[in-house]
Amino acid sequence: MYIKDNIFKKILNNEINSNIIYKNKYVTAFDDINPKAPIHIILIPNIYIKNMNYVKKSNIYILGKMLLISSKIAKLKNIDKSGYRLIINCNKDSGQEIDYLHIHILGGKFLGNIICNNL
């Protein structure tokens with residue numbers, strides 16, 4: 001699937017400046033421009049996947065890499081011991097604003113005891 005003019009694609013292509021936290025051949029992580037916590041990092045695959053509904057069997061390896069790197073980033077940001085939250089939204093009702101699969105890594109403060117504080 002191809003997408004043009006997507007902000008995440010522009011970050012991958014270095015067309016938009018972003019504070020890159022981590023990058024390898026599989027994933028890229030960068031600071032969220034509108035953070036919801038003291039630490040709010042976006043982690044994307046380096047291949048375009050629109051959202052979880054578009055994940056294929058061939059994407060299993062990249063999803064595993066995303067989860068593995070999420071924990072590495074938590075350690076890098078010193079939130080692995082205090083705790084952090086991983087969020088993947090899918091489509092508009094979930095709050096997905098960018099049509100590109102991504103994980104939000106949030107931490108640096110107490111985030112609450114329930115998953116969805118606004119329900």
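The values are calculated or read from the model by the stated rules, or taken from the named source; none is laboratory data. Here the structure is a predicted model, which is why all the values come from computation and not from measurement. With ideal geometry, Cβ positions are generated from the backbone for all residues, glycine too; neighbour counts draw on all protein chains shown. Surface accessibility is based on the protein's heavy atoms, side chains included, excluding ligands, DNA and RNA. Shrake-Rupley method; radii C 1.70, N 1.55, O 1.52, S 1.80 Å.
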Derived scalar couplings ³J(HN,Hα) [region 91-102; Karplus, 6.51 cos²θ - 1.76 cosθ + 1.60; whole Hz; x for Gly, Pro]: 6, 4, 5, 7, x, 5, 9, 10, 6, 6, 3, 7
Principal semi-axes in Å for region 29-118 [√(5λ), Cα gyration tensor, largest first]: 22, 16, 11
Loop-located trypsin sites (Lys or Arg not before Pro) in region 1-78 whose Cβ has at most 13 other Cβ within 10 Å (DSSP): Lys4, Lys25, Lys36, Lys56
Net length gained if the chain between Asn78 and Asn34 were fully extended (0.36 nm per residue, minus Cα distance): 13.8 nm
Heavy-atom accessible area order for Glu97, Glu15, largest first, 1.4 Å probe: Glu97, Glu15
Pairs beyond 19 Å (Cα-Cα), from Lys23/Lys57; Lys81/Lys109; Lys10/Lys50; Lys25/Lys72: Lys23/Lys57
Potential lengthening between Phe110 and Tyr22 on full extension [0.36 nm per residue; Cα-Cα distance subtracted]: 29.3 nm
DSSP-assigned coil residues among chymotrypsin sites (Phe, Trp or Tyr not before Pro) in region 52-119, each with at most 11 further Cβ atoms within 10 Å: Phe110
Under 5 Å, built H, 5+ apart or other chain: amide partners of Thr28: Ile44, Asn46
Accessible surface ranking that places the most exposed of Asp80, Asp32 first, with a 1.4 angstrom probe: Asp80, Asp32
